[in-house]
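J.: First the structure, which I've put down as structure tokens, then a few questions once you've had a look.
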Protein chains: 2
Amino acid sequence: MSRDLEHAVASDGTRIREQTKPAMRSYLAATRNFAAGNATPRQFLERSLELLESWEPRIGAFVCTNLPDARAAADRATERWRAGRPLSPIDGMPIGIKDVIETFDMPTQMGSPLFLGWRSEKDSASVRALRDAGAVIIGKTVTTEFAASEPRGTRNPWNTAHTPGGSSSGSAAAVAVGIVGAALGTQVIGSVIRPASFCGCVGFKPSVNAINREGSHDYQSQSCTGILAASLQDAWQVAREIVARVGGDAGTPGLQGPETIPPAEKPRRLAVLETVGWDAASVGAKQRLGEYVMRLKSAGIEIRTRHNDDKVAALETDLVNAMELSHRCNGWETRWFIRTMRERDAAALSRSILDRAQRYEDMTLADHRADLRERARVRAVHAELAATCDACIALAAPNHAPEGLGSTGNPEFAVPASLLGVPALSLPLFEVNDMPLGLQVIGYFDRDAGAFAAGAWLMSRLAQAR
Amino acid sequence: MSRDLEHAVASDGTRIREQTKPAMRSYLAATRNFAAGNATPRQFLERSLELLESWEPRIGAFVCTNLPDARAAADRATERWRAGRPLSPIDGMPIGIKDVIETFDMPTQMGSPLFLGWRSEKDSASVRALRDAGAVIIGKTVTTEFAASEPRGTRNPWNTAHTPGGSSSGSAAAVAVGIVGAALGTQVIGSVIRPASFCGCVGFKPSVNAINREGSHDYQSQSCTGILAASLQDAWQVAREIVARVGGDAGTPGLQGPETIPPAEKPRRLAVLETVGWDAASVGAKQRLGEYVMRLKSAGIEIRTRHNDDKVAALETDLVNAMELSHRCNGWETRWFIRTMRERDAAALSRSILDRAQRYEDMTLADHRADLRERARVRAVHAELAATCDACIALAAPNHAPEGLGSTGNPEFAVPASLLGVPALSLPLFEVNDMPLGLQVIGYFDRDAGAFAAGAWLMSRLAQAR
């Protein structure tokens with residue numbers, strides 16, 4: 001559908017006034033036409049801006065935009081594609097940046113009145129890399145307050161009475177409706193995987209440290225810069241182009257893998273994780289996963305679960321505490337920041353962030369070190385699974401996006417990969433009540449390419465699961 | 001001398017107009033009088049502000065100050081000491097903050113016109129911890145441009161025609177004259193050890209990641225937040241109080257060691273490193289070190305060098321490339337930042353920073369990964385020395401501070417510990433031509449306490465070396 005609309009625009013210039021259903025637009029797919037001379041990055045961008053105009057009033061995905069510079073950047077990309085010399089495969093790609101990540105040309109407001117109009121005066125490493133790859137930064141996308149839990153009004157494009165998830169709310173919504181081909185998000189608990197699942201786009205939370213976080217206001221050891229994208233190809237390419245230019249976090253090797261998405265590879269053995277989210281999962285969600293697992297078995301893939309594999313069972317047991325342990329780590333690691341904000345103006349902070357900070361007020365360094373050791377222990381338990389299972393799969397959320405904008409929903413399914421520091425993908429494979437729900441693929445540390453290879457196979461061979 | 005002057009002020013209120021020789025003031029030593037009720041943090045601060053008034057026009061150590069809030073903080077500390085309930089041993093300590101480290105109440109200008117008046121609107125983790133420990137943040141100290149090599153006018157208090165060293169220029173100068181008991185600095189090549197040596201104060205560059213760097217504009221994997229201080233005791237305590245409250249870099253255990261400075265411990269065996277700086281070292285500097293080593297031998301300490309120990313020789317060989325390898329790592333890791341600055345206004349950048357960025361413009365991710373592997377290899381070579389030597393010692397600089405303000409001097413002696421990611425101390429033990437020169441103690445990764453134990457012994461037992 002998205003493709004048809006684009007063609008209509010490209011051929012006769014007709015403006016489509018409104019799209020009723022969200023439809024993603026893969027920029028990588030579109031570049032085939034640029035190379036052939038049938039379309040241009042500027043045309044792709046203009047369609048993006050039409051979608052922005054029609055969708056934005058309903059979904060509120062953006063905090064601010066810089067459209068004049070975006071158009072100029074798209075024109076430069078157009079010239080480069082015409083000359084056969086794009087800076088990268090994503091040259092000209094419209095991209096949204098979660099508003100906790102710095103951009104020198106736009107404010108970074110972090111979903112907080114305390115940073116209203118605040119300017120970093122510099123790009124984050126990731127944004128600089130994207131610009132150097134030719135990407136077109138069209139605007140800053142809505143984040144919850146300081147990428148924590150307090151929502152800031154973005155709506156789910158599948159049903160605007162429902163949450164888009166968070167904290168990368170605007171990034172997921174903007175990708176879902178095709179305004180951008182990809183957007184940067186961040187995740188420390190469930191902030192990429194959850195909104196990707198709720199909005200029906202691809203979500204990629206990399207191995208911890210694999211994408212340079214410098215200039216992202218995101219201070220936790222589990223934090224990752226992640227990608228929301230229209231396809232697995234787009235997600236991999238955006239991540240790869242960033243890392244090729246600025247690496248991972250300073251001192252780490254950065255995302256490992258080929259220059260374009262790894263070829264699809266059929267897994268031999270998968271572990272299905274229930275996680276503590278299972279109790280909260282809807283009948284429909286469990287049913288989708290159950291049917292899907294049956295089809296995996298039919299395709300000859302061996303399935304391990306807590307019921308037939310001791311190592312999986314051990315991991316499930318160790319993950320029971322994943323949420324509390326993650327919150328404790330994060331609580332210690334952000335306490336200093338919240339303290340300064342409280343001193344500046346406590347009334348400008350949400351109740352939820354004040355309460356959360358209060359909970360970890362008495363933690364000591366010794367407590368925190370014990371938490372880090374416990375996390376390392378659980379990570380080692382997970383790493384052992386690599387000997388027998390190619391990846392883990394799980395629901396990405398307990399159900400489709402819940403109704404209401406007061407909460408960004410339950411992150412219990414997303415937190416294990418955050419705690420483990422390992423790559424996770426949300427693949428838009430399921431629907432429940434006509435709303436999207438993601439299948440999560442959880443890979444192994446620094447083996448993000450393996451998660452993509454499995455994910456690509458699952459997307460291409462079993463995508464009819466919807 | 002400093003003590004005498006203070007007494008004069010305290011007893012009759014006379015204002016000392018000018019001090020001719022720099023003299024440091026240990027806050028920890030002064031707190032003994034607070035506990036006894038003979039002096040107060042506010043009095044200590046007022047003496048600081050007199051020294052600021054008399055020295056600052058000659059040395060230019062500060063970019064800006066916040067004296068009203070400093071006085072109010074000192075008054076609160078005074079109350080707490082009176083009540084017998086100081087927040088920490090450094091409650092009330094006047095501290096300077098290098099102007100690449102964020103403070104919510106003052107601009108962070110990074111020695112660059114591109115950040116003139118720029119405000120982070122938040123404290124760095126380290127500054128927040130200091131405030132929570134009761135420390136009195138009196139101002140931001142001069143840094144070279146972006147903590148790199150372009151000087152910003154600070155003068156050496158021992159001779160104002162000479163450089164104070166850099167990049168933590170203002171921090172070292174302010175500590176040396178007693179305006180503050182300690183100051184935060186940063187080091188990625190030689191930016192703490194070098195100015196400490198040149199200004200004659202204690203410098204502490206911790207193990208990499210050991211002090212939380214969040215909110216310090218300092219993006220390299222070798223970067224450390226370090227401490228310039230009036231004594232080893234003050235240096236340890238400041239580091240310890242920061243880490244007790246905000247830990248090391250997120251996800252790391254942070255500085256390991258006791259709550260107060262580890263007891264002095266006589267080393268059994270020390271390695272003397274010449275490093276590639278040796279060729280540039282002055283006759284006087286070599287003589288001081290030579291005499292000192294003789295006295296260590298007389299005290300029964302076994303000395304290993306490249307001439308009598310294969311492992312030391314191997315390390316010396318591997319360190320020949322330390323400067324180039326460090327610059328390559330740093331060059332890759334900061335390239336994205338310089339690119340954005342260049343796009344904002346290339347004319348606002350120094351020639352030296354533009355040239356340096358240019359040199360690493362063509363580096364690839366593969367190049368950088370190879371550099372990280374090489375660095376890890378050299379680190380392993382150094383780590384092996386731990387089996388035989390309690391620590392390494394070396395000059396902290398090739399000579400006293402050189403004349404002229406156009407360069408911050410030669411960092412070749414400081415770079416090995418930066419490359420190795422290990423703790424280093426500069427101890428103000430030597431003088432050449434009536435100007436200070438530091439003895440460097442280089443410890444092992446995450447064993448900063450061991451370096452302090454050795455350093456404390458060297459300071460207390462062999463301090464007559466001057």
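The values are calculated or read from the model by the stated rules, or taken from the named source; none is laboratory data. Please read all numbers here as calculations on a predicted model, not as lab measurements. Because the Cβ atoms are built from the backbone with ideal geometry, glycine has one as well, and the counts that use them run over all protein chains shown.
J.: Any idea how many residues of region A:92-109 are in contact (Cβ under 8 Å) with a residue 60 or more places away in the chain and more than 10 Å from chain B (Cβ to nearest Cβ)?
T.: Final tally of qualifying residues: 11.
J.: Suppose we filter region B:242-259 for residues that are in contact (Cβ under 8 Å) with a residue 60 or more places away in the chain, over 15 Å from A:Trp332 (Cα atoms) and surrounded by fewer than 24 Cβ atoms within 10 Å (Cβ to Cβ); how many remain?
T.: So the answer is 3.
J.: Please enumerate the residues belonging to region A:312-365 that are free of Cβ contacts under 8 Å to residues at least 24 places away in the same chain, surrounded by 19 or more Cβ atoms within 10 Å (Cβ to Cβ) and over 18 Å from A:Pro113 (Cα atoms).
T.: A:Trp336
This table checks each residue for (1) of a type in the set (A, V, I, L, M, F, W, C); (2) in a loop (DSSP other than H, G, I, E, B); (3) in contact with a Phe, Trp or Tyr (Cβ under 8 Å, 6 or more places away or on another chain).
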| site | (1), (2), (3) |
| --- | --- |
| A:Leu354 | yes, no, no |
| A:Asp362 | no, yes, no |
| A:Asp371 | no, no, yes |
| A:Glu374 | no, no, no |
| A:Cys392 | yes, no, no |
| A:Asn410 | no, yes, no |
| A:Leu419 | yes, no, no |
| A:Gly438 | no, no, yes |
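J.: Now a separate question. May I ask you to list the residues in region B:184-209 that are within 20 Å of B:Ile90 (Cβ to Cβ) and in contact with a Cys (Cβ under 7 Å, 6 or more places away or on another chain)?
T.: B:Thr186, B:Lys205, B:Pro206, listed by residue number.
J.: Further, regarding this structure: How about region A:339-388: which of its residues are within 11 Å of another protein chain (Cβ to nearest Cβ) and either of a type in the set (Ser, Thr, Tyr) or touching a strand residue (DSSP E or B) at 6+ places or on another chain (Cβ under 6 Å) (or both)?
T.: Residues satisfying the conditions are A:Thr340, A:Thr364.
J.: Turning to a different aspect of this structure: Looking only at residues in region B:223-241 that are out of contact with any strand residue (DSSP E or B) (no Cβ under 8 Å at 6 or more places or on another chain) and within 21 Å of B:Val441 (Cβ to Cβ), which one is nearest to the other protein chains (Cβ to nearest Cβ)?
T.: Selected residue: B:Arg240.
J.: Right, another one. Assess whether A:Glu241 counts as being in contact with a Ser or Thr (Cβ under 8 Å, 6 or more places away or on another chain) and either modelled with pLDDT of 95 or more or part of a strand (DSSP E or B) (or both).
T.: Considered against the rule, which asks whether it is in contact with a Ser or Thr (Cβ under 8 Å, 6 or more places away or on another chain) and either modelled with pLDDT of 95 or more or part of a strand (DSSP E or B) (or both), A:Glu241 comes out as yes.
J.: Filter region B:294-311 down to the residues that are in a helix (DSSP H, G or I) and surrounded by fewer than 17 Cβ atoms within 10 Å (Cβ to Cβ) and list them by number.
T.: Within region B:294-311, B:Met294, B:Arg295, B:Lys297, B:Ser298, B:Asp310 meet the criteria.
J.: Another question, then. Test A:Gly257 against the stated conditions and say whether it is of a type outside the set (Asp, Glu) and either within 14 Å of chain B (Cβ to nearest Cβ) or out of contact with any helix residue (DSSP H, G or I) (no Cβ under 9 Å at 6 or more places or on another chain) (or both).
T.: The answer is yes for A:Gly257.
J.: Inspect all residues belonging to region A:277-293 and state whether any of them is part of a helix (DSSP H, G or I) and either over 25 Å from the mean Cα position of the chain (by Cα) or within 26 Å of A:Arg369 (Cα to Cα) (or both).
T.: yes
J.: Considering only residues that are farther than 24 Å from A:Gly84 by Cα and at the interface with chain B (Cβ under 8 Å from one of its Cβ atoms), look in region A:120-135 and name the one that is surrounded by the fewest Cβ atoms within 10 Å (Cβ to Cβ).
T.: Checked region A:120-135; the qualifying residue surrounded by the fewest Cβ atoms within 10 Å (Cβ to Cβ) is A:Glu121.
J.: Given the options B:Leu325, B:Leu349, B:Leu315, name the one that is closer than 17 Å to A:Arg128 by Cβ and either touching a Leu at 6+ places or on another chain (Cβ under 8 Å) or of a type in the set (Val, Ile, Thr) (or both).
T.: Just one listed residue meets the conditions, B:Leu349.
J.: Only one residue in B:Thr186, B:Thr154 is under 30 Å from A:Arg119 (Cα atoms), in a strand (DSSP E or B) and among the hydroxyl-bearing types (Ser, Thr, Tyr), so which one is that?
T.: Testing whether each residue is under 30 Å from A:Arg119 (Cα atoms), in a strand (DSSP E or B) and among the hydroxyl-bearing types (Ser, Thr, Tyr) leaves just B:Thr186.
J.: Please state which one of A:Val208, A:Val177 is touching a Leu at 6+ places or on another chain (Cβ under 7 Å) and in contact (Cβ under 8 Å) with a residue 12 or more places away in the chain.
T.: That would be A:Val177, the only listed residue that is touching a Leu at 6+ places or on another chain (Cβ under 7 Å) and in contact (Cβ under 8 Å) with a residue 12 or more places away in the chain.
J.: If we scan region A:110-118, do we find a residue that is more than 14 Å from chain B (Cβ to nearest Cβ), out of contact with any His (no Cβ under 9 Å at 6 or more places or on another chain) and either surrounded by fewer than 18 Cβ atoms within 10 Å (Cβ to Cβ) or at pLDDT 95 or above (or both)?
T.: For region A:110-118, residues more than 14 Å from chain B (Cβ to nearest Cβ), out of contact with any His (no Cβ under 9 Å at 6 or more places or on another chain) and either surrounded by fewer than 18 Cβ atoms within 10 Å (Cβ to Cβ) or at pLDDT 95 or above (or both): present.
J.: Right, next: Between a residue in region A:214-232 that is among the acidic types (Asp, Glu) and any residue that is at pLDDT below 95 and part of a loop (DSSP other than H, G, I, E, B), which pairs come within a Cβ distance under 7 Å, given they are 6 or more apart or on different chains?
T.: From residues that are among the acidic types (Asp, Glu), the pairs are A:Glu214/B:Tyr219.
J.: Report yes if some residue within region A:400-408 is buried (at least 23 other Cβ atoms within 10 Å of the Cβ), touching a Pro at 6+ places or on another chain (Cβ under 8 Å) and in a strand (DSSP E or B); otherwise report no.
T.: no
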